[in-house]
1. For E527 paired with K367, estimate the spin-label separation in nm (one decimal), with each label point 7 Å from Cα along the Cα-to-Cβ line.
2. In terms of modelled amide H atoms, which long-range or inter-chain residues lie less than 5 Å from the amide H of M145?
3. Starting from the Kirkwood Rh over alpha-carbon pairs, what translational D in µm² s⁻¹ does the range 22-85 have by Stokes-Einstein at 37 °C and 0.692 mPa s?
4. Ordering I62, I492 from largest to smallest accessible area (1.4 angstrom probe), what's the sequence?
5. I'd like to check one number: the per residue accessible area of the range 179-330, probe 1.4 Å, reported in Å² as a whole number.
6. Would you mind getting the accessible area per residue of the range 24-81, heavy atoms of the protein chains only, 1.4 Å probe, in Å²?
7. For W150, tell me the accessible area in Å² from a 1.4 Å probe, rounded to the nearest 10.
8. Express in Å², to the nearest 10, the accessible area of S48 obtained by rolling a 1.4 Å probe over the protein heavy atoms while all chains stay in place.
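The values are calculated or read from the model by the stated rules, or taken from the named source; none is laboratory data. Only a predicted model underlies this, so the values are computations on that prediction, with no experimental measurement involved. Here the Cβ positions follow ideal geometry from the backbone for every residue, glycine too, while neighbour counts run over all protein chains shown. Remember, those area values only see protein heavy atoms, side chains included, never the ligands or the DNA or RNA. Shrake-Rupley method; radii C 1.70, N 1.55, O 1.52, S 1.80 Å.
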Amino acid sequence: MNLFDTYKNADNAERQEMFYRFLKKSELTESTSRQYAKTYPKHAVVLSNVNEVSKKNSLFEIIDLPQVQTIYNIVKDTEENRKAKNAFSAMLHKYEEFLESLTTSESETQTESPKQTSRTNLPGIWIYSPGEGARKWTECQDKNMMFLGWDDMEDFNTYKSRQEIVENLRSVYGNAENSYTNDSLAIWQFSHEMKPGDIVYAKKGMSIIVGRGIVKGDYAYKADRYEYKNCRSVEWTNIGEWEYPKKLPMKTLTRINDYTDMVQHIETIFNTVPTVKQNPLQMSQIISSIKRTGLLYEDKLILRYACALMTKPFVILSGLAGSGKTQLALAFARLMSEDAEQQLCVVPVGADWTNREPLLGYPNALKPMEYMEPESGVLQIMMRAQRNPQKPYFLILDEMNLSYVERYFADFLSALESHQDIPLWEKDEESESDVPAKIKLPENLFITGTINVDETTYMFSPKVLDRANVIEFKITEDEMEQFLKQDMNIDIHASDGACANMGQDFVSRSIAKETSKSELAQKTLIEFFRVLKKVNAEFGFRSATEIYRFIANTKSCADSMTEDEILDAAIVQKLLPKLHGSRKKLEPVLKALWGLCMPKEHTTETITRDNVQHAKFQESADKIQRMMQTALDNGFTSFAEA
């Protein structure tokens, strides 16, 4: 039985004693070794994080190295650790080294043939970092190789034991106090333990796997290379980017055979990647899938929402509180996603948001190599969308107007139009962070904001409204009656993934940006432009182009809507939302717009609810009638209603 098995079978007291003996051998003083083994593991800051991360009650119950690394990363930034002069994080780092030593105990005493170090006949499984920030990864792919540094150590084959490597590391790099546990282990394993047939997973940062390969050759030292002279040939069988949900080992090279959970999860990523056969977009299937959840919406509303997202990946859902705005966005995202946990991010907007940090995070001012990712998950879903450009990803900002949108969402508003990168931080070349220096707003990320209007919220500026399609939710008497009669049990998960096989077509239609012109559309838009210009609410080239895109998308996938109904939706979503002002200012304009919504035989009809039925653009006429009534009652009106 090796030391790792011995440790696994020991109780906590025996494990503590083994750790204590390890510390005494690692050049720590007797008192420090005793504190590290018997005092610090019982401190509240250590125990609380042990319990939170692993659900265990003692550090010595943990034999999973990634969990220890996670606890270390949390504890090292705590106030208690700083007050203790980093003693707790130092202890945890030593415990990491201790666990590593257990899994390689045979290697430390090996002095003869490398073949004797093999624990089993099974292939080794390794996590490998191809240079700082994965900068050697392109060369690894091009040459079907993997490379290791420490070039000043020259040929690794000349070393007969790990202790000899440690002594030379101290001599070459001039630090006699350093134990060089991780460095010596990587050098020894790369040259003496790794063997042809082993599996290598190349990583970038702490959670991204960029490739999988099979080792094909023995260790070789290539003195003629400029850098990274230590090499092995590898057949890279898979190249791409896959997200590992936890933290990968930090070291340059780590053998993970003993970490069965990690091995199983990584192998699952590569062995059972679901293949969803893609089909063209079918709105009828989307509508029926949403209705299967028990949610109650008009077919036309679902069509408008889907086509608006394809036209411009930023849609604002406004209207009555509790009318199903967020639920529609959730249901649509879930049914279009293969894996909603990865492709959907829901963010409740805070009332105190004054900058972009809740969405994009920020660089750690105290640690220049570290970027603090946002707890909201927004930056993370942006990075996932970039890695999978054919899949749709969805961001839902709930109660979007609880804070000033222009303050926290400014980078997104700019990127929607400029298509320029959003700068994040000045990333050091040696940083292991997964966060890039700048990031594009992915074309396959679809953003939906929901808003309510009351005394706790803020109005949107014309700049925001001009960049979105605004869809208003309202409930008719017939809809309420139908809802009260039906089963009120809603199952938002009932149609999860039901239309994931249309995801690629949905993204493709969005990126294509097809437009459709017609004589009716041109004539109608010019007429509305002339009227809206009188109150400085006219639209620009961008809005006109997006209306043509909306018409094209709706014609291609919503056969049930007539051209008048499509134009009606475009008018109420793109042209009317910017209207707001006093009765004196807007009454003449609303009357003129009402006339444009009516057929010739009804242009003289007064603005009343009963006359809405005569309109050719009924959604627009209904909205104009309600705005006019508000202006008459209150002397002021706007598109957004409380």
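1. 6.4
2. Long-range HN contacts for M145: V234.
3. Details: Rh = 12.5 Å.
Answer from the Stokes-Einstein relation: 263 µm²/s.
4. Numbers: I62 0, I492 30 Å².
I get I492, I62, largest accessible area first.
5. On the way: 5820 Å² over 152 residues.
I get 38 Å² per residue for this part.
6. Values: 2910 Å² over 58 residues.
Counting only protein heavy atoms, the per-residue value for the range 24-81 is 50 Å².
7. 50
8. The accessible area comes out at roughly 60 Å².
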